[in-house]
1. Just checking: which of the strands (runs of 3 or more DSSP E) contained wholly in the stretch 110-199 hold 2 or more residues that are out of contact with any Lys or Arg (no Cβ under 8 Å at 6 or more places or on another chain)?
2. Can you find even one residue in the stretch 316-330 that is surrounded by 23 or more Cβ atoms within 10 Å (Cβ to Cβ) and of a type in the set (Phe, Trp, Tyr)?
3. Restricting attention to the stretch 304-334, report how many residues are touching a helix residue (DSSP H, G or I) at 6+ places or on another chain (Cβ under 7 Å) and either over 25 Å from residue 272 (Cα atoms) or of a type in the set (Val, Ile, Thr) (or both).
4. Examine the stretch 164-171 for a residue that is surrounded by fewer than 23 Cβ atoms within 10 Å (Cβ to Cβ) and more than 30 Å from residue 55 (Cβ to Cβ), and state whether such a residue exists.
5. Hey, among 195, 261, 220, which residue is crowded, with 17+ Cβ neighbours inside 10 Å and over 21 Å from the mean Cα position of the chain (by Cα)?
6. Which members of the stretch 330-354 meet the condition of being more than 16 Å from the ligand (Cβ to nearest atom), in a strand (DSSP E or B) and either at pLDDT below 95 or of a type in the set (A, V, I, L, M, F, W, C) (or both)?
7. Going through the stretch 256-313 one residue at a time, which ones are closer than 16 Å to residue 167 by Cβ and among the aromatic types (Phe, Trp, Tyr)?
8. From the list 25, 135, 130, pick out the single residue that is buried (at least 22 other Cβ atoms within 10 Å of the Cβ) and touching a strand residue (DSSP E or B) at 6+ places or on another chain (Cβ under 7 Å).
Amino acid sequence: MRDLFRKRRMWRPRGDLESSYDVVIIGAGAHGLATAYYLRQLGITDVAVLDKGYIGGGAAGRNTTILRSNYKTPEGARFYDASVKLYEGLGAEMGFNLLFSQCGHLTLAHSDRAMFVMANRAEVNRLQGIDSHLIGPDEVQALAPAMYVGEDTTYPILGALYHPPGGIIRHDAVVWGLARGADAGGAEIHPGTEVLGLDRSGDRITGVRTNRGTVRAGQVLNCTAGWSTLIGDMAGVPLPITTHILQACVTEPVKPFLDVVIVSSQMHVYLSQSDRGEFVMGSEIEPWTTYRMQGTLNFLQDLTRHTLELFPQLERARLLRAWAGLCDLSPDYSPILGRTEVENFHVSAGWGTYGFKAAPIVGKMLAELVATGRTPDLIAPFALERFYTDELVSELAAAAVSH
Ligand code: PYC
């Protein structure tokens, strides 16, 4: 029985920390674990993934599971498209059911200006080979027959940006599959291991100080999302990021009547119906900076008011849970990805609300950077130094949140 249990475990129980690793990844969320997973494919297995909490307990476990690549800039669209494509094959590759439903993604337009912006985005997407186009109210209604599209509303629907490959995926399964894959390749996963400091000598990090002892590291990766400035500061690498909370909530299960993701920037809502029948809903990033993941009543009031305008059928649905997660916002709302001025300290940060959908491509790109010492072309536009050379990649307003 004991052997059976050992065989069936998803990953090994935490062992002692070794005194040194080729690669130490700080943060056992989707990005950190994806990096360990893809490092394995490049033959790099002397890897420790450290997390002060539990696996996937940060942003990976608190998002609204939306995947899409209909971004505003060519750099962003190309990058997130590569991620969606990896996600398409990831479940089969890992032998893990990720419940990925490419049910399509609709960004509603409620004004002429919004229609113009969506048309622009569709064109940027099309030039990157991404399936994304403008549709009118009749097609919107056909794709979401249960949604109220009448004209007698605060925000009538004039059309939408339709992105068929977008959809939803089971976020915990993504984390568990990646953790299992990384562990099977030899990477050690260390929950309950808080990084307290980084030892730096000249341009290199030499040691990672944790609550369980200090380890030497060949390369160190900061994959800590909302906490990335704290780890950056320990390395002497200040990151231009502010941390805010983003809230979400879920209703009790109801019978299936929505099989497309609905987003409205004007109403600041995005919602989908999960395989279990729950409506998963989110709204705006809160404007204040905090690490305190506490929700507010205002959020629930605004979100449910707007949701009910679109789906009055939910009037009596009860909310099961609400939660908040941390978002690491960069000045141009694009990520900060790759090398820093410290030779062996790399970052994946500044994700705002876009991090979960980027996990596989981040892992693949960081693994390549670690293995080759070279920045892959796909992530070159997202280098930290762009804030010093004024080469910003603005993804402002490429989501339902005002960032
Ligand atoms: O950008 O798709 C998105 C998103 C979903 C929730 C927050 N942002």
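1. Per the criteria, 133-135, 159-163.
2. The answer is no, given that none of the residues of the stretch 316-330 is surrounded by 23 or more Cβ atoms within 10 Å (Cβ to Cβ) and of a type in the set (Phe, Trp, Tyr).
3. Adding up the residues that qualify gives 2.
4. Yes, the conditions are met somewhere in the stretch 164-171.
5. Result: 195 is the single residue among 195, 261, 220 that is crowded, with 17+ Cβ neighbours inside 10 Å and over 21 Å from the mean Cα position of the chain (by Cα).
6. Selection gives 336, 337, 345, 347, 349.
7. Scanning the stretch 256-313 gives 270, 279.
8. 25
The values are calculated or read from the model by the stated rules, or taken from the named source; none is laboratory data. Given the structure is predicted, the values throughout are model-derived calculations rather than measurements. A quick note on method: Cβ atoms are made from the backbone with ideal geometry, for glycine too, and the neighbour counts reach across all protein chains shown.
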